[in-house]
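The values are calculated or read from the model by the stated rules, or taken from the named source; none is laboratory data. Just so we're clear, the structure is a prediction, and the values are computed from it rather than from any experiment. Please note: Cβ atoms are built from the backbone with ideal geometry, for glycine as well, and neighbour counts cover all protein chains shown. Each accessible area value is taken on the protein alone, full model and side chains, heavy atoms only, with ligands, DNA and RNA left out. Shrake-Rupley method; radii C 1.70, N 1.55, O 1.52, S 1.80 Å.
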Amino acid sequence: MTATEDKDILYKLALAHLPGMRLVLAQQILNNISSPEEFFTLDKRDLIHIFDSESKLFDTTLRNTVLEEAREELEWIWANHVTPFYFTDNNYPQRLLQCDDSPVMIYVCGEPNLNPRHVISIVGTRKATPYGVGFINKMIADLESKLSDILIVSGLAYGIDVTAHKAALANSIPTVGVLAHGLNQIYPSQHRGTAKEMLKNSGGLVTDYFHNAKIHQGNFLARNRIVAAMSDATIIVESAKKGGAMFTARLASEYGRDVFALPGRISDIYSEGTNQLIRNNIASVITSADDLISSMMWKPDKEEGDQGQLFVAQNLSENEQKVIDIINMSGEVDTPTVSKALSITIPQAMRLVSDMEFDGHIVAYPGGTYRIP
């Protein structure tokens, strides 16, 4: 780490640490100035002139205080092998960029891949029942047998959260715990052992708080926005009518994420919430890994004969088989890729994939891509 890079991270830390700072506000600020450093080094009058308005964030004393706190945090980060991910970094969870209230910077312990192909959040009551625990254990085992490149996300809390982390570990799936406090502690402390295992197995711990941030009840609800936003799908396994899991479900729905809920008996208190989510059309019913895979239109890549076997008996033309081979290699294909790979024109490629779609060999997806059904 060079002095210049260290300085760059310092000002990014400081920008992220400003009161009320979120992704959309940071983007607005950086649309008007060249860098986080400039925000902290310019005179207050210059900032007022540039933004043509006043803001409490321009206060010189506030900016100096935040910068000093960021300097102390940077020293702690390097001493404790924590990695800060700024929102413009490639390793920053790209799904978070779709949500305006996401953090400008997150702090990561471990070396997890936060941008895999399939990210699933699993949350629920802290008073998990054998019904919920059994469902999680079976679903995650089945997911591992059918899909690769999975990340399980939860909050390392009692009950459903820690069950999801442990089930992921048992099936060699990386899992990440999103914390509502700094990385200098684990809460609850009983889950330190699980956290260590997560770090050893390509998982990690993620937070948007400085290491010395105190545990506060409101932080847990704020933390849930990250749990919901960094995932493709959020699964509520068990929940009463009120609780953090219900809040996470609503957030995920507002973010445009797919939400699933495990139904239960109407007499069970910890199925009241999940049944309500289903009844109000906030969540879809989930009873198995296959429900999730089908609803998300994910293609299983671990089943025997999954790639291409269906097409061996088909009377495909040479070009059609080449399209299938490309999809088997990369998971999907688009028209320009077909044109280049087969040395044909774009109109010819469009006719080819249209005919294959009509014959049921491929399926069109948003963004002009095609996959095997």
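Taking every protein chain into account, the 1.4 Å probe leaves W76 with about 50 Å² of accessible area, to the nearest ten.
In this calculation the C-beta distance from K302 to I266 is compared with R0 = 51 Å, giving a FRET efficiency of 0.90. Rolling a 1.4 Å probe over the protein heavy atoms of the chain, with every protein chain left in place, gives an accessible area that is 49 percent carbon and sulfur. Among the listed options (i) 34, 28, 16; (ii) 32, 29, 20; (iii) 39, 30, 19, the one matching semi-axes √(5λ) of the Cα gyration tensor in Å as calculated from these coordinates is (iii).
Top to bottom by accessible area (1.4 Å), largest first, where do Y158, Y270, Y92, Y11 land?
On the way: Y158 85, Y270 50, Y92 0, Y11 25 Å².
From most accessible down to least: Y158, Y270, Y11, Y92.
Note on N281 and Y131: the model spin-label points, each 7 Å out from Cα along the C-beta direction, lie 2.6 nm apart.
Rank-order 210-216, 140-146 by packing density, defined as the average count of other C-beta atoms within 10 Å over each peptide's residues, highest first. Mind showing how you got there, number by number?
Details: 210-216: 14.6, 140-146: 18.4.
Averaged packing, sorted descending, gives the order 140-146, 210-216.
The largest accessible area among S35, S189, S343 belongs to the first residue in S343, S189, S35, and the rest follow in falling order (1.4 Å probe, all chains).
Just from its helices, what would the mean residue ellipticity at 222 nm be for the chain, if runs of 4 or more DSSP H residues each count -39500 (n - 2.57) and the sum is divided by every residue, rounded to the nearest 500 deg cm²/dmol?
Details: 16 runs with 175 residues, N = 373.
Value at 222 nm, helices only, nearest 500: -14000 deg cm²/dmol.
Once you reduce the range 38-74 and the range 264-279 to the center of their Cα atoms, the two points are 49 Å from each other.
Bridges between two residues of the chain, per DSSP, are antiparallel at a rate of about 40%.
Put K340, K200, K302 in order of accessible area, highest first, and with a 1.4 Å probe you get K340, K200, K302. Between P130, P36, P263, the residue with the greatest mean-square fluctuation in the GNM of the chain (Cα pairs under 10 Å linked by springs) is P130.
Using C-alpha pairs below 8 Å separated by at least 6 residues, the relative contact order for the chain is 12 percent. Per-residue surface analysis assigns D101 an accessible area of about 50 Å², computed on protein heavy atoms at 1.4 Å probe radius. Using a cut-off of 25 Å between Cα atoms, the listed pairs K146/K200; K214/K241; K146/K166; K138/K200 include K214/K241 as exceeding that distance. With the whole protein complex present, K138 retains an accessible surface near 130 Å², based on a 1.4 Å probe.
With every protein chain kept in place and ligands, DNA and RNA left out, what is the accessible area per residue of the chain? Probe 1.4 Å, answer in Å².
Details: 18020 Å² over 373 residues.
With the other protein chains kept in place, the chain gives 48 Å² per residue.
Could you tell me whether the range 3-115 comes out rounded, prolate or oblate from its Cα gyration tensor? Rule is a ≥ b ≥ c as square roots of the eigenvalues, rounded for a/c under 1.5, then prolate if a/b exceeds b/c, otherwise oblate.
Numbers: a/c = 2.25, a/b = 1.41, b/c = 1.59.
Oblate is the answer for the range 3-115, as a/c is 1.5 or above yet b/c matches or exceeds a/b.
Find how much the distance from S354 to D291 grows on full extension, using 0.36 nm per residue of separation minus their present alpha carbon separation; answer in nm with one decimal. Mind showing how you got there, number by number?
Details: separation 63, 0.36 × 63 = 22.68 nm, distance 2.84 nm.
Additional length available on full extension: 19.8 nm.
Each 10 Å bin from zero holds the following percent of Cα-Cα pairs in the range 135-238: 15, 51, 29, 5, 0. Dipole magnitude for the chain: computed about the Cα centre from +1 point charges on Lys and Arg Cβ and -1 point charges on Asp and Glu Cβ, it is near 1220 debye.
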